[in-house]
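Some notes on the structure that comes next.
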Amino acid sequence: MFFKIKLADVTIGVRSLYDGIFEMCRDYISEQDASFTVSISQSDIDFERKKSADEAAFERRPPVEYPDPYLETLAVYRKIAAGLLDHNVMLMHGSAVCAGGQAYLFTAPSGVGKTTHSRLWLENIEGSFIINGDKPLIKVSDACCTVYGTPWAGKEGVHQNTSAPLKAVCFLGRGAENSIAEVGFSEIVPYLFQQVHRPASPDAMRKTMNLIKEFGTKVKFYRLACNMEPQAALTAYEGMNNG
Amino acid sequence: MKLKYEFLIMDMGEGFSAVAVGEDAGKFHGMLQLNAVSADIMEQLKEETTPYKVHAYLKEKYPESTDDEIGNTLAGFLTTLSRLGLLSR
(Lines give C-alpha, C1' and ligand atoms only; values in the text may rest on other atoms or scores of the structure.)
Protein backbone atom coordinates (compact mmCIF):
# COMPACT_ATOMS: atom_id res chain seq x y z
CA MET A 1 0.00 0.00 0.00
CA PHE A 2 1.03 3.63 -0.42
CA PHE A 3 0.46 6.55 1.96
CA LYS A 4 2.19 9.76 3.00
CA ILE A 5 3.25 10.92 6.43
CA LYS A 6 4.69 14.19 7.70
CA LEU A 7 7.63 13.92 10.09
CA ALA A 8 9.78 16.86 11.20
CA ASP A 9 7.92 19.06 8.70
CA VAL A 10 8.94 16.78 5.81
CA THR A 11 6.31 14.84 3.86
CA ILE A 12 7.41 11.29 3.08
CA GLY A 13 5.79 8.69 0.86
CA VAL A 14 5.70 5.14 2.25
CA ARG A 15 5.21 2.11 0.00
CA SER A 16 4.76 -0.85 2.32
CA LEU A 17 4.03 -4.56 2.08
CA TYR A 18 1.80 -4.70 5.17
CA ASP A 19 -1.03 -2.54 6.57
CA GLY A 20 0.31 -2.38 10.12
CA ILE A 21 2.67 0.47 9.36
CA PHE A 22 -0.25 2.58 8.10
CA GLU A 23 -2.18 2.04 11.33
CA MET A 24 0.91 2.92 13.34
CA CYS A 25 1.38 6.18 11.41
CA ARG A 26 -2.29 7.21 11.47
CA ASP A 27 -1.67 10.43 13.47
CA TYR A 28 0.97 11.57 10.99
CA ILE A 29 -0.85 11.07 7.65
CA SER A 30 -0.38 13.91 5.17
CA GLU A 31 -1.82 14.74 1.78
CA GLN A 32 0.99 17.09 0.75
CA ASP A 33 3.51 16.27 -1.98
CA ALA A 34 6.21 13.94 -0.73
CA SER A 35 9.81 15.14 -0.59
CA PHE A 36 10.94 11.54 -0.94
CA THR A 37 9.45 8.05 -0.85
CA VAL A 38 10.64 4.91 0.91
CA SER A 39 9.70 1.54 -0.57
CA ILE A 40 9.99 -1.73 1.31
CA SER A 41 10.83 -5.09 -0.21
CA GLN A 42 11.15 -8.51 1.40
CA SER A 43 14.94 -8.09 1.32
CA ASP A 44 14.60 -5.01 3.59
CA ILE A 45 12.61 -7.10 6.06
CA ASP A 46 15.14 -9.92 5.86
CA PHE A 47 17.91 -7.38 6.54
CA GLU A 48 16.12 -6.25 9.72
CA ARG A 49 15.70 -9.88 10.83
CA LYS A 50 19.40 -10.56 10.36
CA LYS A 51 20.34 -7.30 12.09
CA SER A 52 18.13 -8.17 15.04
CA ALA A 53 19.70 -11.64 15.29
CA ASP A 54 23.21 -10.18 15.01
CA GLU A 55 22.50 -7.67 17.79
CA ALA A 56 21.11 -10.42 20.02
CA ALA A 57 24.26 -12.48 19.44
CA PHE A 58 26.48 -9.45 20.11
CA GLU A 59 24.64 -8.78 23.38
CA ARG A 60 24.63 -12.50 24.25
CA ARG A 61 20.87 -12.77 24.59
CA PRO A 62 18.53 -15.23 22.88
CA PRO A 63 17.22 -14.09 19.48
CA VAL A 64 13.58 -13.05 19.17
CA GLU A 65 11.62 -14.11 16.09
CA TYR A 66 9.80 -10.92 15.15
CA PRO A 67 6.92 -11.02 12.65
CA ASP A 68 7.45 -9.46 9.23
CA PRO A 69 4.99 -6.55 9.78
CA TYR A 70 6.99 -5.43 12.84
CA LEU A 71 10.31 -5.77 11.02
CA GLU A 72 8.81 -3.69 8.22
CA THR A 73 8.24 -0.81 10.65
CA LEU A 74 11.96 -0.90 11.50
CA ALA A 75 12.92 -0.97 7.83
CA VAL A 76 10.66 2.00 7.08
CA TYR A 77 12.14 4.11 9.88
CA ARG A 78 15.69 3.18 8.89
CA LYS A 79 15.03 4.42 5.34
CA ILE A 80 13.20 7.51 6.56
CA ALA A 81 16.09 8.38 8.89
CA ALA A 82 18.52 8.09 5.97
CA GLY A 83 16.34 10.32 3.76
CA LEU A 84 15.81 12.93 6.47
CA LEU A 85 19.54 13.58 6.76
CA ASP A 86 19.18 15.64 3.57
CA HIS A 87 16.70 17.81 5.49
CA ASN A 88 19.08 18.30 8.46
CA VAL A 89 17.07 15.92 10.59
CA MET A 90 18.56 13.08 12.62
CA LEU A 91 17.13 10.28 14.69
CA MET A 92 18.30 10.09 18.28
CA HIS A 93 17.56 7.41 20.83
CA GLY A 94 16.11 9.02 23.93
CA SER A 95 13.00 10.21 25.68
CA ALA A 96 11.94 13.74 24.71
CA VAL A 97 9.86 15.51 27.35
CA CYS A 98 8.28 18.93 26.87
CA ALA A 99 7.83 21.34 29.77
CA GLY A 100 7.12 25.05 29.60
CA GLY A 101 7.21 24.99 25.80
CA GLN A 102 10.74 23.58 25.62
CA ALA A 103 11.97 20.06 25.07
CA TYR A 104 14.48 18.12 27.17
CA LEU A 105 15.99 14.95 25.75
CA PHE A 106 16.91 12.22 28.23
CA THR A 107 19.24 9.60 26.94
CA ALA A 108 21.07 6.63 28.44
CA PRO A 109 21.94 3.03 27.70
CA SER A 110 18.98 0.65 27.81
CA GLY A 111 17.85 -0.18 31.31
CA VAL A 112 19.22 2.89 33.09
CA GLY A 113 15.80 4.46 33.52
CA LYS A 114 14.83 6.92 30.77
CA THR A 115 11.21 5.82 30.98
CA THR A 116 11.15 6.01 34.77
CA HIS A 117 12.72 9.44 34.84
CA SER A 118 10.38 10.74 32.13
CA ARG A 119 7.43 9.50 34.20
CA LEU A 120 8.80 11.42 37.20
CA TRP A 121 8.68 14.59 35.10
CA LEU A 122 5.04 13.94 34.15
CA GLU A 123 4.19 13.48 37.83
CA ASN A 124 6.22 16.38 39.21
CA ILE A 125 6.72 19.05 36.55
CA GLU A 126 3.44 20.80 35.88
CA GLY A 127 2.25 20.73 32.28
CA SER A 128 4.95 18.34 31.08
CA PHE A 129 4.26 15.70 28.45
CA ILE A 130 6.25 13.24 26.34
CA ILE A 131 6.86 14.17 22.70
CA ASN A 132 8.41 10.78 21.99
CA GLY A 133 9.54 8.23 24.53
CA ASP A 134 12.16 6.41 22.49
CA LYS A 135 13.20 7.64 19.04
CA PRO A 136 12.38 11.31 18.42
CA LEU A 137 13.63 13.22 15.40
CA ILE A 138 15.78 16.32 15.81
CA LYS A 139 15.99 19.03 13.20
CA VAL A 140 19.15 21.13 13.31
CA SER A 141 18.56 24.58 11.85
CA ASP A 142 20.45 27.86 11.97
CA ALA A 143 18.41 29.22 14.86
CA CYS A 144 17.97 26.17 17.08
CA CYS A 145 17.34 22.44 17.32
CA THR A 146 13.75 21.21 17.31
CA VAL A 147 12.44 17.88 18.61
CA TYR A 148 9.60 16.18 16.74
CA GLY A 149 7.31 13.36 17.74
CA THR A 150 7.14 10.24 15.59
CA PRO A 151 5.08 7.05 15.82
CA TRP A 152 8.26 5.03 16.45
CA ALA A 153 8.20 5.26 20.21
CA GLY A 154 9.51 2.00 21.69
CA LYS A 155 7.75 -0.50 23.90
CA GLU A 156 5.59 2.08 25.67
CA GLY A 157 4.57 3.70 22.37
CA VAL A 158 4.20 7.17 23.93
CA HIS A 159 4.33 9.96 21.36
CA GLN A 160 2.55 13.07 20.15
CA ASN A 161 2.52 14.62 16.72
CA THR A 162 4.04 17.86 17.94
CA SER A 163 7.36 19.64 18.23
CA ALA A 164 9.28 21.90 20.60
CA PRO A 165 12.64 23.67 20.63
CA LEU A 166 15.27 21.53 22.31
CA LYS A 167 16.71 23.20 25.39
CA ALA A 168 19.08 20.51 26.60
CA VAL A 169 20.23 16.91 26.35
CA CYS A 170 20.58 15.08 29.64
CA PHE A 171 22.63 11.88 29.98
CA LEU A 172 21.21 9.76 32.77
CA GLY A 173 23.11 7.62 35.22
CA ARG A 174 21.97 5.94 38.39
CA GLY A 175 22.92 7.52 41.67
CA ALA A 176 22.04 7.21 45.34
CA GLU A 177 21.60 10.98 45.45
CA ASN A 178 20.40 13.34 42.74
CA SER A 179 22.87 15.71 41.15
CA ILE A 180 23.27 17.41 37.80
CA ALA A 181 26.20 19.10 36.10
CA GLU A 182 26.70 20.73 32.72
CA VAL A 183 29.26 18.96 30.54
CA GLY A 184 31.12 20.07 27.43
CA PHE A 185 30.45 18.85 23.92
CA SER A 186 33.81 17.08 23.53
CA GLU A 187 33.10 15.01 26.62
CA ILE A 188 29.70 14.03 25.33
CA VAL A 189 30.54 13.24 21.68
CA PRO A 190 31.12 9.48 22.23
CA TYR A 191 27.78 9.16 24.01
CA LEU A 192 26.00 11.09 21.25
CA PHE A 193 27.41 8.68 18.70
CA GLN A 194 26.00 5.79 20.68
CA GLN A 195 22.54 7.33 20.67
CA VAL A 196 22.15 8.55 17.08
CA HIS A 197 21.13 6.39 14.17
CA ARG A 198 24.43 5.48 12.48
CA PRO A 199 23.97 4.90 8.77
CA ALA A 200 26.39 2.55 7.02
CA SER A 201 27.02 4.64 3.92
CA PRO A 202 30.00 7.00 4.22
CA ASP A 203 28.03 9.90 2.72
CA ALA A 204 25.15 9.49 5.14
CA MET A 205 27.56 9.07 8.05
CA ARG A 206 29.35 12.27 7.04
CA LYS A 207 26.01 14.12 7.08
CA THR A 208 25.24 12.63 10.50
CA MET A 209 28.59 13.72 11.90
CA ASN A 210 28.10 17.22 10.51
CA LEU A 211 24.68 17.38 12.15
CA ILE A 212 26.12 16.21 15.47
CA LYS A 213 28.78 18.90 15.21
CA GLU A 214 26.16 21.58 14.56
CA PHE A 215 23.97 20.13 17.27
CA GLY A 216 26.83 20.56 19.73
CA THR A 217 26.95 24.31 19.11
CA LYS A 218 23.23 24.88 19.75
CA VAL A 219 22.30 22.69 22.70
CA LYS A 220 23.50 22.40 26.28
CA PHE A 221 24.49 19.00 27.66
CA TYR A 222 24.11 17.75 31.20
CA ARG A 223 24.95 14.64 33.15
CA LEU A 224 22.37 13.64 35.74
CA ALA A 225 22.96 11.13 38.51
CA CYS A 226 19.50 10.20 39.75
CA ASN A 227 17.44 7.84 41.82
CA MET A 228 13.74 7.10 41.35
CA GLU A 229 12.44 9.64 43.84
CA PRO A 230 10.35 12.67 42.73
CA GLN A 231 13.26 14.94 43.68
CA ALA A 232 15.17 13.53 40.69
CA ALA A 233 12.83 15.30 38.27
CA LEU A 234 13.03 18.56 40.21
CA THR A 235 16.83 18.37 40.35
CA ALA A 236 16.98 17.86 36.60
CA TYR A 237 14.48 20.59 35.78
CA GLU A 238 16.06 23.16 38.07
CA GLY A 239 19.58 22.22 37.00
CA MET A 240 18.79 22.69 33.33
CA ASN A 241 16.91 25.94 33.86
CA ASN A 242 18.68 27.68 36.72
CA GLY A 243 22.07 26.01 36.78
CA MET B 1 50.22 -2.05 7.36
CA LYS B 2 46.71 -0.69 6.86
CA LEU B 3 43.47 -0.09 8.73
CA LYS B 4 41.35 -3.23 8.69
CA TYR B 5 38.10 -1.35 8.16
CA GLU B 6 36.93 1.68 6.20
CA PHE B 7 36.84 4.68 8.54
CA LEU B 8 35.33 8.13 8.24
CA ILE B 9 37.43 10.68 10.13
CA MET B 10 36.00 14.12 10.81
CA ASP B 11 36.96 17.27 12.63
CA MET B 12 34.21 17.73 15.20
CA GLY B 13 35.39 21.15 16.32
CA GLU B 14 36.90 20.06 19.64
CA GLY B 15 38.92 17.14 18.29
CA PHE B 16 38.48 14.48 15.64
CA SER B 17 36.17 11.48 15.58
CA ALA B 18 36.52 8.27 13.58
CA VAL B 19 33.79 5.74 12.89
CA ALA B 20 33.69 2.62 10.73
CA VAL B 21 31.47 2.97 7.66
CA GLY B 22 30.30 0.98 4.66
CA GLU B 23 30.34 -2.80 4.86
CA ASP B 24 32.59 -2.51 7.91
CA ALA B 25 30.17 -0.42 9.96
CA GLY B 26 28.89 -3.49 11.78
CA LYS B 27 32.36 -4.83 12.51
CA PHE B 28 33.49 -1.97 14.74
CA HIS B 29 30.66 -0.42 16.74
CA GLY B 30 32.81 2.03 18.65
CA MET B 31 34.05 5.49 17.93
CA LEU B 32 37.58 6.83 18.25
CA GLN B 33 38.23 10.33 19.59
CA LEU B 34 41.47 11.60 18.15
CA ASN B 35 43.78 14.56 18.34
CA ALA B 36 45.06 16.09 15.11
CA VAL B 37 48.18 13.91 14.93
CA SER B 38 46.26 10.66 15.51
CA ALA B 39 43.76 11.74 12.86
CA ASP B 40 46.65 12.31 10.44
CA ILE B 41 48.05 8.86 11.19
CA MET B 42 44.66 7.24 10.61
CA GLU B 43 44.29 9.05 7.29
CA GLN B 44 47.67 7.68 6.21
CA LEU B 45 46.61 4.17 7.26
CA LYS B 46 43.63 4.16 4.92
CA GLU B 47 46.07 2.97 2.25
CA GLU B 48 48.78 0.31 2.61
CA THR B 49 51.84 2.00 4.09
CA THR B 50 54.82 1.50 6.40
CA PRO B 51 55.77 3.04 9.76
CA TYR B 52 58.70 4.67 7.99
CA LYS B 53 56.42 6.39 5.43
CA VAL B 54 54.01 7.60 8.10
CA HIS B 55 56.91 8.87 10.20
CA ALA B 56 58.23 10.80 7.18
CA TYR B 57 54.79 12.26 6.51
CA LEU B 58 54.46 13.43 10.12
CA LYS B 59 57.98 14.84 10.11
CA GLU B 60 57.09 16.96 7.10
CA LYS B 61 53.77 18.09 8.57
CA TYR B 62 55.09 18.78 12.06
CA PRO B 63 58.66 20.04 11.46
CA GLU B 64 58.86 21.49 14.97
CA SER B 65 58.67 17.96 16.48
CA THR B 66 61.75 15.85 16.99
CA ASP B 67 62.19 12.39 15.47
CA ASP B 68 61.87 10.87 18.94
CA GLU B 69 58.62 12.70 19.67
CA ILE B 70 57.13 11.61 16.36
CA GLY B 71 58.41 8.07 16.77
CA ASN B 72 56.97 7.71 20.27
CA THR B 73 53.61 9.18 19.25
CA LEU B 74 53.40 6.94 16.19
CA ALA B 75 54.45 3.80 18.03
CA GLY B 76 51.97 4.48 20.83
CA PHE B 77 49.07 5.04 18.48
CA LEU B 78 49.88 2.02 16.31
CA THR B 79 49.96 -0.09 19.46
CA THR B 80 46.53 1.26 20.43
CA LEU B 81 45.10 0.48 16.99
CA SER B 82 46.58 -3.03 17.11
CA ARG B 83 45.18 -3.63 20.57
CA LEU B 84 41.74 -2.60 19.30
CA GLY B 85 42.10 -5.00 16.39
CA LEU B 86 41.91 -2.22 13.84
CA LEU B 87 45.30 -2.64 12.17
CA SER B 88 46.43 -5.32 9.75
CA ARG B 89 50.18 -5.76 9.37
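The values are calculated or read from the model by the stated rules, or taken from the named source; none is laboratory data. What you see is a predicted model, and the numbers here were worked out from it, not measured in a lab. Note that each Cβ is placed from the backbone with ideal geometry, even for glycine, and that neighbours are counted across all protein chains shown. Just so you know, the surface numbers come from the protein's heavy atoms only, side chains and all, with ligands and any DNA or RNA stripped out. Shrake-Rupley method; radii C 1.70, N 1.55, O 1.52, S 1.80 Å.
Observations on the model:
- Filtering the stretch B:56-72 to residues that are assigned to a helix (DSSP H, G or I) and either farther than 24 Å from residue B:6 by Cβ or out of contact with any helix residue (DSSP H, G or I) (no Cβ under 8 Å at 6 or more places or on another chain) (or both) leaves B:56, B:59, B:60, B:67, B:68, B:69, B:70, B:71, B:72.
- Test result for residue A:166, in contact (Cβ under 8 Å) with a residue 40 or more places away in the chain, under 30 Å from residue A:73 (Cβ atoms) and either open to solvent by less than 50 Å² (accessible area, probe 1.4 Å) or in a loop (DSSP other than H, G, I, E, B) (or both): yes
- Every residue from the stretch B:10-30 that is out of contact with any Leu (no Cβ under 7 Å at 6 or more places or on another chain), part of a strand (DSSP E or B) and more than 7 Å from every other protein chain (Cβ to nearest Cβ): B:11, B:20
- Selection status of residue A:153, part of a strand (DSSP E or B), more than 14 Å from every other protein chain (Cβ to nearest Cβ), out of contact with any helix residue (DSSP H, G or I) (no Cβ under 8 Å at 6 or more places or on another chain) and surrounded by 20 or more Cβ atoms within 10 Å (Cβ to Cβ): no
- For the stretch A:217-224, the criterion of a residue being out of contact with any Phe, Trp or Tyr (no Cβ under 6 Å at 6 or more places or on another chain), away from chain B (no Cβ under 14 Å) and surrounded by fewer than 20 Cβ atoms within 10 Å (Cβ to Cβ) is satisfied by at least one position.
- Pairs with Cβ under 7 Å, 6+ apart, first in the stretch B:31-51 and within 14 Å of chain A (Cβ to nearest Cβ), second buried (at least 17 other Cβ atoms within 10 Å of the Cβ) and in a helix (DSSP H, G or I): B:31/A:193; B:33/A:189; B:34/B:42
Every residue, every condition in (1) β-branched (Val, Ile, Thr); (2) under 30 Å from residue A:1 (Cα atoms); (3) crowded, with 21+ Cβ neighbours inside 10 Å, yes or no:
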position	(1), (2), (3)
A:59	no, no, no
A:66	no, yes, no
A:79	no, yes, no
A:90	no, yes, yes
A:104	no, no, yes
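- For the stretch A:169-193, filtered to residues that are in contact with a Phe, Trp or Tyr (Cβ under 9 Å, 6 or more places away or on another chain) and not in a strand (DSSP E or B), the residue that is surrounded by the most Cβ atoms within 10 Å (Cβ to Cβ) is A:192.
- The set of residues from the stretch A:213-243 being among the β-branched types (Val, Ile, Thr) and over 20 Å from the mean Cα position of the chain (by Cα) comprises just one member, A:235.
- Test for residue B:77: is it at pLDDT 95 or above and surrounded by 15 or more Cβ atoms within 10 Å (Cβ to Cβ): yes
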